[in-house]
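What follows is a short report on a single structure.
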Amino acid sequence: MEDLSKLIASEIAQRAKKKDKFLNSFVEIYDKPVAGSGSSQLAGMSIAIKDNICIQDKIITCASKILSSHRAVYDATVIEKLKNAGLSIVGTTNLDEFAFGSSTENSCYGPTRNPWDTQRVPGGSSGGSCAAVAARLVPFALGSDTGGSIRQPASFCGVIGFKPTYGRVSRYGLIAFGSSLDQIGPITTNFSDCAQLLNIICGHDRKDSTSAKLDFCDFSEGLKGGIKAIKVGLPKEYFGKGLNQEVKAAIDDVISNFKKQGVIFKEISLPHTDYAVATYYIISSSEASSNLQRFDGIRYGLRKQSKSLIDLYLKTREAGFGPEAKRRILLGTHSLSSGYYDAYYLKALKVRRLIKDDFDKVFSEVDAILTPTSPTTAFKLGERASDPLSMYLSDIYTIPANLAGIPAVSFPCGFDKKDLPIGAQLVGKAFDEVTLLKLGSAFESLTDFHKKIPVC
């Protein structure tokens, strides 16, 4: 069985090498996949890993020149779990540098292309993982989600992207972007695979102080049963100006589908939604500027030789970081600096509390929330590259769940006139991933959107 698994993984890796030349969804495809030795329902299956999760003895770059030669010295906890479950890792996938982006254009390895239309972006920052799964180069992948980095590309690529509750999955071995926001999650083509991957990667980890101590939850069991009488909220703030009409029509069809199965809908309000994007970019950039201080040319990756230590720092970081990484470091450093801390960072933390309170209030009335994942379908390569604010607004519907630390999933719910996928998002109560899986699986059982495969 073990030899057969290695053979299958090797065949998948060779096939991915041939088909990925134009998509550029992988950073590295291993000649010899990293084979697990344990057992589970997914034993023998192959998986790809976003290139910001440590795999022992393998190069990890975060798609940045500053880490282009860095080799991980240990396994992330999720990698240990995958190996213990018998999965084979075929390679690492492309991303925006240090996960800073919504299009996978900010990568030192060049942009990833959307398999549904190779002139368009796959979303980001887990665009490589989502494009690889959508093109069926691998059956599933892991990504990381700081402000929608699993769900927004999942929407653009027509696959399922799940962000668990903060603390549900260990972040040990994930190279940090925003430590209070980051979460690892699965990317799959159906909810059954999604639930089984969650069974493997979830659980308490003493190496991560933010990991939650919870009893084992069998997410696959959660797929069973009907969804009659489940109460779902529709936040009026998510259906206003800026929402593409084809996306809105697809969400209306999701609502009709759920109503036929007995779901009860209710209009709700999340009044501080307008402040989410600004709040997120202050907090995430502040945490990023702190986390990226360690990449200075001394201990990791790139080092530019110089006559003085200060000059070495300056030359290394100038050459190693790309434009978006520098922009976020500057924004975060400014927000944390003396004289501006109270005005920006502290105020952002207070608004984050208000956004969390909004969710707490509505979850006393409903079991889950339904929204679009993104205001639009995939946009063209380069279309928003010179307009950071327009790019940041791509995540306007996904960011609030990260600020509140609650679970959310994007799933395919239709196609626009250009045959580009449309994603719907379900948001749940903290640690209630089961309700989201149950609803998503029920929708999937009556539709074929998740079965459609791009020709690329």
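Results, tabulated for the structure shown:
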{"quantity": "Test for Phe140: is it closer than 21 Å to Ile200 by Cα and within 15 Å of the chain's Cα centre (by Cα)", "calculated": "yes"}
{"quantity": "Filter result (over 16 Å from Trp116 (Cα atoms) and assigned to a strand (DSSP E or B)) within the range 412-456", "calculated": "Ala424, Gln425, Leu426, Val427, Gly428"}
{"quantity": "Top-ranked residue in the range 382-395 [being touching a residue at least 60 places away in the same chain (Cβ under 8 Å) and open to solvent by less than 50 Å² (accessible area, probe 1.4 Å); ranked as farthest from Ile264 (Cα to Cα)]", "calculated": "Gly382"}
{"quantity": "Pair list, Cβ < 7 Å and 6+ apart or interchain, from the range 119-130 residues that are open to solvent by 10 Å² or more (accessible area, probe 1.4 Å) to residues that are outside any helix (DSSP H, G or I)", "calculated": "Gln119/Lys380; Gln119/Leu381; Arg120/Asn114; Arg120/Ala378; Arg120/Phe379; Arg120/Lys380; Arg120/Leu381"}
{"quantity": "Phe265 surrounded by fewer than 21 Cβ atoms within 10 Å (Cβ to Cβ) and of a type outside the set (A, V, I, L, M)", "calculated": "yes"}
{"quantity": "The range 136-165, residues that are crowded, with 24+ Cβ neighbours inside 10 Å, closer than 18 Å to Asp208 by Cα and β-branched (Val, Ile, Thr)", "calculated": "Thr146"}
{"quantity": "Members of the range 133-165 that are in a helix (DSSP H, G or I) and within 14 Å of Ser107 (Cβ to Cβ)", "calculated": "Pro153"}
{"quantity": "Looking only at the range 322-381, and only at residues there that are farther than 30 Å from Leu437 by Cα and among the acidic types (Asp, Glu), the one that is most open to solvent (accessible area, probe 1.4 Å)", "calculated": "Asp342"}
{"quantity": "Members of the range 166-195 found to be surrounded by fewer than 22 Cβ atoms within 10 Å (Cβ to Cβ) and in a helix (DSSP H, G or I), listed by number", "calculated": "Ser192, Asp193"}
{"quantity": "Residue count for the range 281-305, restricted to those that are under 21 Å from Tyr392 (Cβ atoms), touching a residue at least 60 places away in the same chain (Cβ under 8 Å) and open to solvent by 10 Å² or more (accessible area, probe 1.4 Å)", "calculated": "4"}
{"quantity": "Which numbered condition Val254 misses (of (1) crowded, with 19+ Cβ neighbours inside 10 Å; (2) within 28 Å of Ile175 (Cα to Cα))", "calculated": "(2)"}
{"quantity": "Residue satisfying all of: in the range 203-226; of a type in the set (A, V, I, L, M, F, W, C) and in contact (Cβ under 8 Å) with a residue 60 or more places away in the chain; nearest to Ala76 (Cα to Cα) among these", "calculated": "Ala212"}
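Residue by residue, here is whether (1) more than 12 Å from the chain's Cα centre (by Cα); (2) over 30 Å from Ala43 (Cβ atoms); (3) at pLDDT 95 or above; (4) aliphatic (A, V, I, L, M) holds:
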residue: Leu87; (1), (2), (3), (4): yes, no, yes, yes
residue: Glu105; (1), (2), (3), (4): yes, yes, yes, no
residue: Pro111; (1), (2), (3), (4): yes, yes, yes, no
residue: Pro115; (1), (2), (3), (4): yes, no, yes, no
residue: Ala131; (1), (2), (3), (4): yes, no, yes, yes
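The values are calculated or read from the model by the stated rules, or taken from the named source; none is laboratory data. These numbers come from a predicted model, not from an experiment. So basically every Cβ, Gly included, is an ideal-geometry build from the backbone, and we count neighbours across all protein chains shown. For accessibility, only protein heavy atoms count, side chains too; no ligands or nucleic acids. Shrake-Rupley method; radii C 1.70, N 1.55, O 1.52, S 1.80 Å.
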